[in-house]
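This report refers to the structure that appears directly beneath it.
Please treat every number below as a calculation from the coordinates, not as lab data. Values in this document were obtained by computation on a predicted structure and should not be read as measured data. Cβ atoms come from the backbone with ideal geometry, glycine included; neighbour counts cover every protein chain shown.
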Amino acid sequence: MDFLLVAYILIAVVVITGSFYINFSAGKITTAGILGAGTLIAAIIFGIRWFPRGELVTKKIEGPWPPSVNVCPDFLSLTKVNGVSMCIDPVGASRRENNAGMNQWKDASQIDPSFTFSLYTNLQGNARLAKLYAECKAKGVTWEGVYDGMVGLNREPPLPPA
């Protein structure tokens, strides 16, 4: 059993009994019961969260963040039009204040570049990243782990499934 778990249990017992005793001796019996039960429940929930195997969780996330990157920019949807994978904006999420961005996509007949986001699946490496950054900037979208709205993050997104 970890020392921090023992300390957590002792602190929880002192806080629960102390708050119950203070309210009970002040004549607030209902408040004392509700506060004692609520503090006990919170202590149990946080104890399970922080000490799942009897010791404090201190695992650090290794590697780049985010751990996985989407195939399309944020809030866009992947679709295939005429056998080509592309991202579309079915809800109008890419619109900005100056009305620049992608037009809202409604049906498969809208294959004009103003309605679609090209994924440049025929390119690789820095050439693909440069094209994706330019497309993100032109369409007014961000891409978690790839493009933050100002600069590229040098992380190539995965290709769409075949």
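From the square roots a ≥ b ≥ c of the eigenvalues of the alpha-carbon gyration tensor of the chain, which class results: rounded (a/c under 1.5), prolate (a/b over b/c), or oblate? It is prolate, given that a/c is not under 1.5 and a/b is the larger ratio.
Note that the stretch 102-109 has calculated 3J(HN,Hα) couplings of 8, 7, 5, 7, 10, 8, 5, 7 Hz, one per residue in order, obtained from phi through the Karplus relation 6.51 cos²θ - 1.76 cosθ + 1.60 (θ = phi - 60°); glycine and proline are x. The amide H of V81, built 1.01 Å from its N in the peptide plane, has M86 as neighbours under 5 Å, considering only residues 5 or more places off or on other chains. Axis of helix 3-25 versus longest Cα principal axis of the chain: the two differ by about 60°, to the nearest ten degrees.
Among the trypsin sites (Lys or Arg not before Pro) in the stretch 62-157, those located in a DSSP loop and surrounded by at most 12 other Cβ atoms within 10 Å of their own Cβ are R96, K106. For the chain, C136 stand unpaired, since no other cysteine beta carbon lies under 4.7 Å from theirs. Against the chain, whose longest principal axis comes from its Cα atoms, helix 125-139 is set at around 80 degrees.
To the nearest ten degrees, helix 29-50 and the longest principal axis of the Cα atoms of the chain are 50 degrees apart.
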